[in-house]
1. Where the second residue is open to solvent by 10 Å² or more (accessible area, probe 1.4 Å) and among the β-branched types (Val, Ile, Thr) and the first is within 16 Å of Gln210 (Cβ to Cβ) and lies in the stretch 246-258, which pairs have Cβ atoms under 7 Å and are six or more apart or on separate chains?
2. Just need a number here: residues in the stretch 47-102 that are among the small types (Gly, Ala, Ser), outside any helix (DSSP H, G or I) and either modelled with pLDDT of 95 or more or under 19 Å from Ala159 (Cα atoms) (or both).
3. Do we find a residue being among the basic types (Lys, Arg), in contact (Cβ under 8 Å) with a residue 24 or more places away in the chain and not in a loop (DSSP other than H, G, I, E, B) anywhere in the stretch 38-45?
4. Test Leu73 against the criterion of being within 20 Å of Leu183 (Cβ to Cβ) and among the hydrophobic types (A, V, I, L, M, F, W, C), and give yes or no.
5. Count, please, the residues in the stretch 76-117 that happen to be open to solvent by less than 40 Å² (accessible area, probe 1.4 Å), within 19 Å of Gly179 (Cβ to Cβ) and over 19 Å from the mean Cα position of the chain (by Cα).
6. Pick from the stretch 173-209 the residues that are surrounded by fewer than 16 Cβ atoms within 10 Å (Cβ to Cβ) and among the polar types (S, T, N, Q): which of them is nearest to Ala25 (Cα to Cα)?
7. Just a yes or no: is a residue in the stretch 6-23 of a type in the set (Asp, Glu), assigned to a loop (DSSP other than H, G, I, E, B), out of contact with any strand residue (DSSP E or B) (no Cβ under 6 Å at 6 or more places or on another chain) and loosely packed, with under 15 Cβ neighbours inside 10 Å?
8. Quick one: is Arg148 more than 23 Å from Leu18 (Cα to Cα) and at pLDDT 90 or above?
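The values are calculated or read from the model by the stated rules, or taken from the named source; none is laboratory data. What you are looking at is a predicted structure, and each value in this text was computed from that prediction instead of being measured. Counting neighbours? That spans all protein chains shown, and the Cβs are built from the backbone with ideal geometry, glycine included. The accessibility values were calculated without ligands, DNA or RNA, using every heavy atom of the protein model including side chains. Shrake-Rupley method; radii C 1.70, N 1.55, O 1.52, S 1.80 Å.
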Amino acid sequence: MELGTDAFLDGLRAVDPLSVVAALAIGLVTTVASACRWRLVARRLGLPLSLRTAVADCYQALILNTVLPAGVLGDVNRAVTHGRESGDVGAGVRAVVLERVAGQVVLFLVGAAVLLTQPAVLSPLAGGLVPALVVAAPLLLTGGLWVRRARRAARLRTALREFRTGARRGLLARDAWPGVALLSLVALAGYVALFLVSARAVGSTAPTLQLLPLVVLALFVMGLPLNVGGWGPREAVAALTFGAVGLGAEQGVGAAVVYGVLTLIGTLPGAAVLIARRARSRPGVAGGEARVAEGESGVAGAADSRQPATAIGIPAMRAPLPVETATSATRPGGSRSRGRAHTGRTEQV
């Protein structure tokens, strides 16, 4: 299957003001749902996290995921930053991994249920899935045996045990999994709605029930860390699946392109968060340095008033007093000896 650049350009031209408004509104809903899910898991793991901080961090992670390779680097930054601020980087990373895994599990279960209604959608992908499974299965088996037996994998085994413990506390507990599942469904509904908006924007008139399995499959491929902001595999899968059900590969690519553009628009508040935090950090750092310098000077002045020859933290601000002075003296034999004046030195403590 060969597609020119016309499909991509048509997709870009299909973005209209109404789609932009829908992208921002849906993006707000999905981001707040994801932030609430993260907050729920983090607090179950004993990490403090306010909703305001969670929403801001999620928006920032989304914009970074969209513009950076692999599509997960924003979440990595979110996990490490929260872990450092909370005093436990490992727990911070586990909280983000668990909430992301929860979203993918819900997407997989919903996608499997939807795809059962239209198995023809999987037919164009079967040729590539079977060889991939044949190659991946031995690699996964070998990796599992190595992790279980190799001495060098002791740290990894410890991390996996901590991950299982965190999953039981943060996801599978009776007072955790209903909220996690509900929030994941809300976020997934938002993603599906945005893809449907994209399909309508490129002129698709297919029934929603016919589009659902195509959308879910494209969303599942987007979650794999083999893309840049979802671009690449999403367009390829959309072209194959739309073509398989008779809607046209060009329309599938156009819908995927519009979805990518609208997703980027929906994450623009994350750019505002980045700019605001960067602007806030610059004067904060300068002010903090000035306050530290003033505090040290105050401490030094107070110490200098008590001990003339000693300053704490920085040199004394005034001339040191002499600690030993020898004047000319006459030796018993009548000769004169001239002493040297020794000035005091400031001690650094």
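1. Final answer for the pair search is Gln251/Val202; Ala255/Val202.
2. Matching residues across the stretch 47-102 total 2.
3. yes
4. no
5. The number of residues fulfilling the criteria is 2.
6. It comes out as Thr208.
7. Yes, there is a match, as at least one residue in the stretch 6-23 is of a type in the set (Asp, Glu), assigned to a loop (DSSP other than H, G, I, E, B), out of contact with any strand residue (DSSP E or B) (no Cβ under 6 Å at 6 or more places or on another chain) and loosely packed, with under 15 Cβ neighbours inside 10 Å.
8. Numbers: more than 23 Å from Leu18 (Cα to Cα): yes; at pLDDT 90 or above: no.
So Arg148 fails the test.
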